[in-house]
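The values are calculated or read from the model by the stated rules, or taken from the named source; none is laboratory data. Here the structure is a predicted model, which means the values were calculated and not measured. Neighbour counts run over all protein chains shown; Cβ positions are idealised from the backbone, glycine included.
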Amino acid sequence: MVDKVDCVVVGAGVVGLAVARALALQGREVLVLEAADAIGTGTSSRNSEVIHAGIYYAQGSLKARLCVEGRERLYRYCVERNVAHQRCGKLVVATSTDQLPALRAVQTHAQGNGVELQWLERDAARALEPALECVAALHSPETGIVDSHGLMLALQGDLENAGGILALISPLALAQCAQNAIELIAEDGTRLQARAVVNAAGLAAPALAARFAGLDPAWVPQARFAKGNYFTLSGRAPFSHLIYPVPESAGLGVHLTLDMGGQAKFGPDVEWVDSPDDLVVNPARGEAFYAEVRKYWPGLRDGALAPGYAGIRPKIFGPQGAISDFVIQGPAVHGVAGLVNLFGIESPGLTSALAIGEQVLGLLGDGWSPTE
């Protein structure tokens, strides 16, 4: 016997839950399959919990558009659902005069994405953050922080209130794509037939897509794993804003973020690894953190940083590759009816989650009106 279901979403991270919620609110029958024993145990629980403004992403990209759209949706949603969050703002700082052209370029680029940043000279920046050292800064009032687990619980609640079902410890083995349905086979042998399947498996999304018989392998990117290490600060930081250095070619630099309790953490850095399970923070990497942080916070004392945690970015390009956009791949691209693959949903995936949910609805095409 094969059970039939309207929509299956694979992966119960923040993006998978947001997609499943969007489908359920359209009146669809939705089942979420999660390989782990809890929601959001992967990238969704190992990030900075930042609500991004949309400053850095390539103009016209999905990341730029969905970040700006998703940010506004997310702030409204957090208010409606009483999800803990704070629009604390961010300062992007230049610590030397030779960085000023790059800081101006960030401001111009952000404006092209519809994000307004205020230029602050040194005294104005230090009036906001007296412990900060810089020659100038950009103030991003739309940047914030969110309790990511609280957000996922709210999304799960909406999904289930709309009739959706979450199945934990339900890893998929493979799938067979047919003309009118996709048959899914779980590792325990359970078979499901779905009209629509959304692959929101995060780090495992490429590997999962490679097991979809009937999907041309040319549409499946190679997974790459960029580890981000975080170090936590002992004691309370003298900052109320997030602090980011001027971005460099290798990334956004070692930045300071805060959690909802005011605890400061620094990172993530970039460490390319071979396995998504490589989550141990090497204490020796902390030495580079001290040097970078002291450029904008000279008051950081010796011994104040301790290894915190690590997360893995679900990259689809390697260390020498070009920076890639989100890949939200629907039937019009790969030709498989009812299948949507989400690849490379790294930062700003958390900020963009609600907007990604709406994007997926659109990709499934006309005819996805609520069930009679």
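Some notes on this structure:
- Within region 182-216, being more than 27 Å from the chain's Cα centre (by Cα), over 21 Å from Arg28 (Cβ atoms) and not in a loop (DSSP other than H, G, I, E, B) holds for Ile185, Ala213.
- Those residues of region 154-188 which are surrounded by fewer than 16 Cβ atoms within 10 Å (Cβ to Cβ) and either without any contact (Cβ under 8 Å) to a residue 24 or more places away in the chain or under 23 Å from Ser45 (Cβ atoms) (or both), in sequence order: Gly157, Asn161, Ile165, Ala167, Leu168, Ile169, Pro171, Glu187, Asp188
- Residues that are in contact with a Pro (Cβ under 7 Å, 6 or more places away or on another chain) and either surrounded by fewer than 17 Cβ atoms within 10 Å (Cβ to Cβ) or not assigned by TED's automatic domain parsing to the domain that holds Val15 (or both), drawn from region 189-212: Ala210
- Among the residues of region 260-306, those identified as part of a strand (DSSP E or B) and within 17 Å of Ala237 (Cβ to Cβ) are Ala264, Lys265, Phe266, Leu305, Ala306.
- Residue within region 92-113 that is of a type in the set (A, V, I, L, M, F, W, C) and farther than 26 Å from Glu292 by Cβ present: no
- A single member of Ala137, Ala175 is at negative phi, in a strand (DSSP E or B) and assigned by TED's automatic domain parsing to the domain that holds Gly114, and it is Ala137.
- Verdict on Glu29 being surrounded by fewer than 24 Cβ atoms within 10 Å (Cβ to Cβ), more than 18 Å from the chain's Cα centre (by Cα) and assigned by TED's automatic domain parsing to the domain that holds Leu172: yes
- Residue in region 1-20 that is surrounded by the most Cβ atoms within 10 Å (Cβ to Cβ), counting only those that are under 19 Å from Gly362 (Cβ atoms) and in contact with a Lys or Arg (Cβ under 7 Å, 6 or more places away or on another chain): Cys7
- Residues that are acidic (Asp, Glu) and either on the phi > 0 side of the Ramachandran plot or at pLDDT 95 or above (or both), drawn from region 275-301: Asp277, Asp278
- Test: Ala131 is in contact with a Pro (Cβ under 8 Å, 6 or more places away or on another chain), aliphatic (A, V, I, L, M) and either closer than 30 Å to Leu242 by Cα or outside any loop (DSSP other than H, G, I, E, B) (or both): yes
- Region 77-111: number of residues that are part of a loop (DSSP other than H, G, I, E, B) and of a type in the set (A, V, I, L, M, F, W, C): 3
Residue-by-condition table, conditions (1) on the phi < 0 side of the Ramachandran plot; (2) outside the structural domain of Leu192 (by TED's automatic domain parsing); (3) not hydrophobic (A, V, I, L, M, F, W, C):
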residue	(1), (2), (3)
Val14	yes, no, no
Leu23	yes, no, no
Glu34	yes, no, yes
Ser44	yes, no, yes
Tyr56	yes, yes, yes
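- Which numbered condition Leu23 fails, given (1) more than 23 Å from Ser140 (Cα to Cα); (2) in contact (Cβ under 8 Å) with a residue 60 or more places away in the chain; (3) surrounded by fewer than 19 Cβ atoms within 10 Å (Cβ to Cβ): (3)
- Here Arg236 fulfils each of the conditions (1) assigned to a loop (DSSP other than H, G, I, E, B); (2) at pLDDT 95 or above apart from (2).
- Qualifying residue in region 243-257 (condition: surrounded by 12 or more Cβ atoms within 10 Å (Cβ to Cβ), small (Gly, Ala, Ser), without any contact (Cβ under 8 Å) to a residue 60 or more places away in the chain and not in a helix (DSSP H, G or I)): yes
- Checked against (1) over 21 Å from Thr257 (Cβ atoms); (2) not in a loop (DSSP other than H, G, I, E, B), Ala36 passes all but a single condition, namely (2).
- Single unsatisfied condition, Ala124 versus (1) over 24 Å from the mean Cα position of the chain (by Cα); (2) assigned to a loop (DSSP other than H, G, I, E, B): (2)
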